[in-house]
Amino acid sequence: MPLYTRAPDIDALVARYLALTGKNDKTAAVREVFAAQIAALSARESLATRVARIQRRAAVSGVAADGRDDKAFMDELWGEE
């Protein structure tokens, strides 16, 4: 399905991009921007990978989950006994 837009703000963004890059082909500009954004999003680490990395760093530094529930402790800190 072709992409058609009549939104002035989108046209302004494309015009600004063209001015900044010195290009003059709107279709190529839109293709380039979408391709770059898709590549950036695809290269992002998943949440699970980021959490695992943080957990490994915590374990190396001596912080590890011991299975205890800290709710009572946190409630006491907040004055919610």
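Since every read-out is calculated from the coordinates, none of them should be taken as a lab result. Because the structure is a prediction, the values reported are computed rather than measured. Here Cβ is always computed from backbone atoms with ideal geometry, including for glycine, and neighbour counts include all displayed protein chains.
Computed quantities for the displayed model
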{"quantity": "Helices (runs of 4 or more DSSP H) enclosed by the chain - at least 2 residues per element that are more than 22 Å from the chain's Cα centre (by Cα) and among the acidic types (Asp, Glu)", "calculated": "8-21, 71-77"}
{"quantity": "Neighbours by Cβ (under 7 Å, 6+ apart or cross-chain): first from region 18-40, over 17 Å from Tyr4 (Cβ atoms); second among the small types (Gly, Ala, Ser)", "calculated": "Leu18/Ala29; Lys23/Ala29"}
